[in-house]
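First up is the structure itself, then whatever we jot down about it.
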Amino acid sequence: MAYKTEFVAILSSGTSFKRILRPYMIGATIITVMSLILNHFVIPKSNKIRIGFEDKYLNSGYVTDERNIHRQIAPGTYLYLSDYNNGLNIANHVTIEKIARNKQTYMLKAESMQWDSLSKSWNLMDVFERTLIYTKLDSTKKGKPKFIFKETHKFYPTKNMKIDFSPKDMMRFLSKIEVMPYFELKEFIAKEKLKGSSRIEFFEVEMYKRTAFPFATFILTIIGVSISTRKIRGGVGLHIALGLVLSCVYILFMHISTTFATSGLSIQPLLAVWIPNIVFSFIALFLYKNAQQ
């Protein structure tokens, strides 16, 4: 339309640029709503087949690089593993502790534990259990109560336990988050925070990106229309080239900003994901104000 000078005719008739922009924004709204539904609900479920194939044939030799693994498996209950073998589903140097009112009430140590897929539980080897029972005594010193405790020790060559921890928790993290719809992913993040996972930022970035990318449609539409309505030398090819460059810069900017959040820097995942949209919103506003009127 710009190449055929149609925008000039429309603007000369008294139609405002805001009115010209309206059908494009309606189209952008439709695309955004569809993208939100697809990103949060449809695509994750569709990814299950692809991820299942990749994990079976391409990532079958995946080995987690996590060491000194700490998880909170229940309120006040903490699990420690020195390392974990994905292929054999074996963890070494296992410790389970229960804490109540800043006091340890139970501790279990095991040389190793292996997953039993039939009973959905863990078989622990060379187990030592310590249980502490506290008794409160009155103390006249500053009115603070005094506690004494007695403890019991038990040893087992093997012990079977069911805990809120399974081999799924040690899977390739991309295999978990890419197949989760919005509400399932949100619940998963809440559980991972409780367990003290070290990959919370990755999960949150994935959830926020599913919303940020669709909303970028509005921003890029305003930029595209603001640039394209002005007839310039170079014709349609230059407009297309500018559109491609802006899209590439946006995607690159998104990758850079999200890397800041997942690399341990002090930037919130929500802010990191939305920084490109915020910056490009100012660019869109500038181009809109200076568009051909």
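Some points to look at:
- Taking the numbered list (1) surrounded by fewer than 20 Cβ atoms within 10 Å (Cβ to Cβ); (2) under 25 Å from Lys4 (Cα atoms) in turn, Ser226 passes all entries but (1).
- Among residues of the stretch 269-293 that are closer than 18 Å to Leu252 by Cα, none has a beta-carbon under 8 Å from a residue that is outside any helix (DSSP H, G or I) at least six positions away or on a different chain.
- Among the residues of the stretch 1-27, those that are charged (D, E, K, R), assigned to a helix (DSSP H, G or I) and more than 17 Å from Asn290 (Cα to Cα) comprise Glu6, Arg22.
- Some residue of the stretch 31-50 being charged (D, E, K, R) and assigned by TED's automatic domain parsing to the domain that holds Phe128: no
- Among residues of the stretch 176-190, those that are outside any helix (DSSP H, G or I) and among the hydrophobic types (A, V, I, L, M, F, W, C), counted: 2
- When the stretch 167-217 is filtered for residues that are under 15 Å from Leu36 (Cα atoms) and free of Cβ contacts under 8 Å to residues at least 12 places away in the same chain, only Phe183 remains.
- Qualifying residue in the stretch 201-221 (condition: buried (at least 20 other Cβ atoms within 10 Å of the Cβ), under 22 Å from Ile177 (Cβ atoms) and hydroxyl-bearing (Ser, Thr, Tyr)): no
- Residue list for the stretch 72-93, filter: under 30 Å from Phe147 (Cα atoms) and in contact with a Ser or Thr (Cβ under 7 Å, 6 or more places away or on another chain): Tyr80
- Note on the stretch 30-68: among residues that are farther than 20 Å from Lys209 by Cβ and of a type in the set (Val, Ile, Thr), the one that is surrounded by the most Cβ atoms within 10 Å (Cβ to Cβ) is Thr64.
- In this entry, Ser175 passes the filter for residues that are among the small types (Gly, Ala, Ser) and within 16 Å of Asn47 (Cα to Cα).
- Every pair of residues 6+ apart whose Cβ atoms lie under 6 Å, when the first sits in the stretch 8-25 and is assigned by TED's automatic domain parsing to the domain that holds Ala284 while the second is outside any loop (DSSP other than H, G, I, E, B) and surrounded by 11 or more Cβ atoms within 10 Å (Cβ to Cβ): Leu21/Val225; Tyr24/Thr221; Tyr24/Val225
- Among the residues of the stretch 201-253, those that are charged (D, E, K, R) and in a helix (DSSP H, G or I) comprise Glu201, Glu204, Glu206, Lys209, Arg210.
The values are calculated or read from the model by the stated rules, or taken from the named source; none is laboratory data. As the structure is a computational prediction, the values presented were derived from the model and not from experiment. Positions of Cβ are generated from backbone atoms using ideal geometry, with glycine treated the same way; all protein chains shown enter the neighbour counts.
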